[in-house]
Amino acid sequence: MSTLAAFGKLPTLNSATILLVGTNEIFQQQLAETILQEKQDLKINIHLADSLPLPPERDHIRPRIDLIVFMVNMQSKHSYSNIEASLVHVDASFFLGKVCFLATGAGRLNQISIEVNAVLKLADLYCSPVLFCELECEKIRIATAQRLLRMLRICAGHMSGVSALSFSSLMKSSIGDSSFLA
């Protein structure tokens with residue numbers, strides 16, 4: 001089992017890499033396509049994985065990963081447990097602003113299998129922000145893609161004056177405040 005390290009590789013000039021981890025391949029693919037449709041002045045690499053660890057045989061050709069997005073489907077307990085199991089394969093340095101959780105399906109309260117508080121506690125445990133969204137809706141998917149791209153630019157070091165560490169602390173809500181980012 002290999003651990004995914006944040007600073008194990010050198011960055012690539014004018015590019016950034018995002019890793020989407022989740023069990024819903026349709027949502028992953030739709031979000032990846034939406035991200036790639038946004039106009040950018042840098043090359044965006046997107047890798048999809050249903051779980052971690054990533055296969056070690058391709059590690060030598062895999063670029064440095066700048067942001068990991070754990071996609072939790074609120075309607076699937078399997079999705080949540082898969083993300084929990086994957087988190088142990090991520091080096092602690094990633095949790096300094098290079099990880100976020102994307103909770104989908106929370107808007108349909110009568111269909112959720114995972115408590116919202118469970119996702120919030122998981123994100124708090126790993127000092128990472130949570131974005132709540134409905135990826136079925138194209139407008140929300142576009143807004144989510146734009147937000148993830150802004151986060152990716154910061155995490156990859158392409159936004160002057162802002163580091164991933166300071167960005168993460170700006171997104172964290174204060175103790176007792178349960179404001180959601182959507």
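Site pair residue 39 and residue 126 shows an inter-label distance of 3.4 nm when each label is modelled 7 Å from Cα along Cα→Cβ. Just to confirm my numbers, what's the Cα centroid distance between the range 1-58 and the range 64-140 in Å? Centre-to-centre distance over Cα atoms comes out at 15 Å. In this calculation the C-beta distance from residue 166 to residue 108 is compared with R0 = 41 Å, giving a FRET efficiency of 0.75.
Placing dummy labels 7 Å off each Cα toward the beta-carbon, the span from residue 134 to residue 92 is 4.1 nm.
Give me Rg/Rg_expected for the chain, where Rg uses Cα atoms only and Rg_expected = 2.2 N^0.38 Å with N residues.
Values: Rg = 15.3 Å, N = 182, 2.2 N^0.38 = 15.9 Å.
Expressed relative to 2.2 N^0.38 Å, the Cα Rg reads 0.96.
Quick check: from the Cα gyration tensor, does the range 1-107 come out rounded (a/c under 1.5), prolate or oblate? Mind dumping the intermediate values first?
Values: a/c = 1.84, a/b = 1.18, b/c = 1.56.
It comes out oblate by the Cα gyration axes.
A cut-off of 5 Å between modelled amide H atoms, ignoring neighbours fewer than 5 places along the same chain, links residue 103 with 72, 131, 132, 133. Shown here for the range 26-77: GluC sites (Glu not before Pro) in loop regions (DSSP other than H, G, I, E, B) with at most 13 other Cβ atoms within 10 Å, namely 38. Extension gain, residue 10 to residue 118: 0.36 nm times the residue separation minus the Cα-Cα distance gives 35.4 nm.
Over every Cα atom in the range 13-58, the radius of gyration and the widest Cα-Cα span, Dmax, amount to 11.8, 32 Å.
Largest GNM mean-square fluctuation across 128, 51, 81, computed for the chain with C-alpha springs under 10 Å, falls on 81.
Rule-based calculations on the coordinates, nothing more; no lab input. Given the structure is predicted, the values throughout are model-derived calculations rather than measurements. Here Cβ is always computed from backbone atoms with ideal geometry, including for glycine, and neighbour counts include all displayed protein chains.
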